[in-house]
Amino acid sequence: MPLFAYKAKKGPQEIVEGVVEAGSKEIAVSKVEQMGYVPIRIEPRGAGGQSQPVKAPVSKEPGWFDRIGSRDLNVFTEQLATLVKSKVPLFEAINILSSQTENPKLRNIVVSIAGDLKDGRTFSEALSRYPHVFPLLYVNMVRSGESGGVLDATLTRLAKFREEQEEIKANITSALAYPIFIIVVGILVVIVLLTYGIPRLVTMFSETKQVLPLPTRILISISDGIRHYWYLGILLLFFIFSAFRQKQLAEKKKAFLDRIKLRLPLLGAFNKKAMLAEFTRTFALLLENGVPVLEALQITIPTINNEVFRVELEKVHGDLLVGTPLSQGMKKSDWFPPFLTDMIAVGERGGNLQEVLLEVAVFYEREVKKINKILTSLLEPAIILVMGIVVGFIVMAMLLPVFEINMGIR
């Protein structure tokens, strides 16, 4: 069996080193933690190099047409979990799915994975070759399931987790669909009025040689600007879209923007609780699958889509390395609510941290739904009010000259 050399913390000051015998690096980490130590570094020794997990390669960001939808990956995961749970060998299950997968790009990847399995690679190693399709969390979950011999249960948990995440996103999207529709229709109506209605009205007014009211002159200037410089608006939208698409946005700028998002009235609470719900559920899923706390936190950090919380969790991870309990490390930050840190402390004392985290995730998901309902109930009338003011101003500016002409005739 391979040997792994470890370096670990024993208490707040003492550092110990040694060698353990284990089938993989994950098992070696578990053995070191069972000794009561906090692992700092674990490396293969001698023949143990073959058992070290393969990290996902760095690959370029896929193009728009190369992306594989989340729904396609969810269906693949559910089908694979069902086949493996039915005692179908993994290689045979992958071969079955290679002919049943509807998405052609995903089908090609599944065929390639089958070839990797045939060549002797593990399933997690094969998945790690496609980081733009299978996230780091997905790969590490499969790896832990392979190490513990519970791949069927792991895939079932993963399929359920992804389905729940998809349901939450779908609820938010459906709630925002109507307000977005109102905004789009309102903008189209305003554009039509400004580009077609106003020019014809200007032609009629120019014949009267009358000084137009200020609102009408403002409206005519806006109409002329849109008709003559419309391409500048398209370039601006393209620039904004490209800026938000950039993955290499400076950390300080991203942290500044994320901090603003968290301080917005009502929207800040929504963003924070949605992020905490995703973090606790992901963290709990990894712990439930047998991943050690230190490694589970390390895997969870990259999944956080907020630079402020990501930095804070990296500090917590550093505290874990020196033996500080998870709850104590999180209490050092003002960004983690007391409810979360207190619940984690209860879970640590009771030895049921994953169960407590799941309860916390359910609590925050309920809060997200409540805030979502409040936001949508406020958003719809607010949009209608704003669009009414804009359209009302346009109508008023168009009718004012008509009223003045009528008054002049009388």
(request) Considering each residue of region 68-97, count those that are assigned to a helix (DSSP H, G or I), more than 24 Å from the chain's Cα centre (by Cα) and of a type in the set (Gly, Ala, Ser), and give that number. (result) 1
(message) Considering only residues that are surrounded by fewer than 16 Cβ atoms within 10 Å (Cβ to Cβ), under 37 Å from the mean Cα position of the chain (by Cα) and not β-branched (Val, Ile, Thr), which ones fall in region 370-410?
(response) LYS370, LYS373, SER377, LEU378, GLU380, PRO381, ALA382, LEU385, GLY388
(message) Against the conditions (1) within 26 Å of LYS373 (Cβ to Cβ); (2) at pLDDT 85 or above, where does LEU266 fall short? Just the number, please.
(response) (2)
(request) Look through region 184-211, keep the residues that are among the hydroxyl-bearing types (Ser, Thr, Tyr) and in a helix (DSSP H, G or I), and return whichever of them is nearest to the chain's Cα centre (by Cα). (result) THR195
(request) Select from region 124-145 the residues that are under 18 Å from PRO89 (Cβ atoms) and in contact with a helix residue (DSSP H, G or I) (Cβ under 6 Å, 6 or more places away or on another chain) and list them in ascending order. (result) SER124, ALA126, LEU127, VAL142, GLY145
(request) Considering each of LEU193, LEU106, LEU127 in turn, give the residue that is under 30 Å from LEU378 (Cα atoms) and buried (at least 18 other Cβ atoms within 10 Å of the Cβ). (result) LEU193
(request) Kindly list the number of the only condition in (1) without any contact (Cβ under 8 Å) to a residue 40 or more places away in the chain; (2) in a helix (DSSP H, G or I) that fails for ASP334. (result) (2)
(message) Quick check on region 212-243: of everything there that is touching a helix residue (DSSP H, G or I) at 6+ places or on another chain (Cβ under 9 Å) and not in a helix (DSSP H, G or I), which residue is modelled with the highest pLDDT?
(response) PRO213
(request) Determine which member of the set PHE181, PHE134, PHE161 is of a type in the set (Phe, Trp, Tyr) and over 19 Å from the mean Cα position of the chain (by Cα). (result) PHE181
(message) Please pick out the residue among LYS315, LYS373, LYS332 that is at pLDDT below 90, of a type outside the set (A, V, I, L, M, F, W, C) and either touching a Gly at 6+ places or on another chain (Cβ under 8 Å) or over 30 Å from VAL211 (Cβ atoms) (or both).
(response) LYS373
(request) Return only the number of the condition from (1) of a type in the set (Gly, Ala, Ser); (2) modelled with pLDDT of 90 or more; (3) within 23 Å of ILE27 (Cβ to Cβ) that GLY290 does not satisfy. (result) (2)
(request) Output the residues belonging to region 200-221 that are surrounded by 14 or more Cβ atoms within 10 Å (Cβ to Cβ), over 14 Å from MET396 (Cβ atoms) and without any contact (Cβ under 8 Å) to a residue 40 or more places away in the chain. (result) VAL202
(request) Please list, ordered by first then second residue, the pairs with beta carbon atoms under 7 Å, 6 or more apart or interchain, first in region 99-123 and assigned by TED's automatic domain parsing to the domain that holds GLY148 and closer than 22 Å to VAL150 by Cα, second assigned to a loop (DSSP other than H, G, I, E, B) and β-branched (Val, Ile, Thr). (result) VAL110/THR101
(request) For ARG67, work out the one condition from (1) among the basic types (Lys, Arg); (2) exposed (fewer than 13 other Cβ atoms within 10 Å of the Cβ); (3) at pLDDT below 70 it doesn't fulfil. (result) (2)
(message) Which condition from (1) more than 21 Å from the chain's Cα centre (by Cα); (2) assigned to a loop (DSSP other than H, G, I, E, B) is the one that ASP342 breaks?
(response) (2)
(message) Conditions first: (1) at pLDDT below 85; (2) crowded, with 20+ Cβ neighbours inside 10 Å. LEU276 passes all but one, so which condition is the exception?
(response) (1)
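The values are calculated or read from the model by the stated rules, or taken from the named source; none is laboratory data. Predicted model, so just to flag it, every value in this text is computed and none were measured. Because the Cβ atoms are built from the backbone with ideal geometry, glycine has one as well, and the counts that use them run over all protein chains shown.
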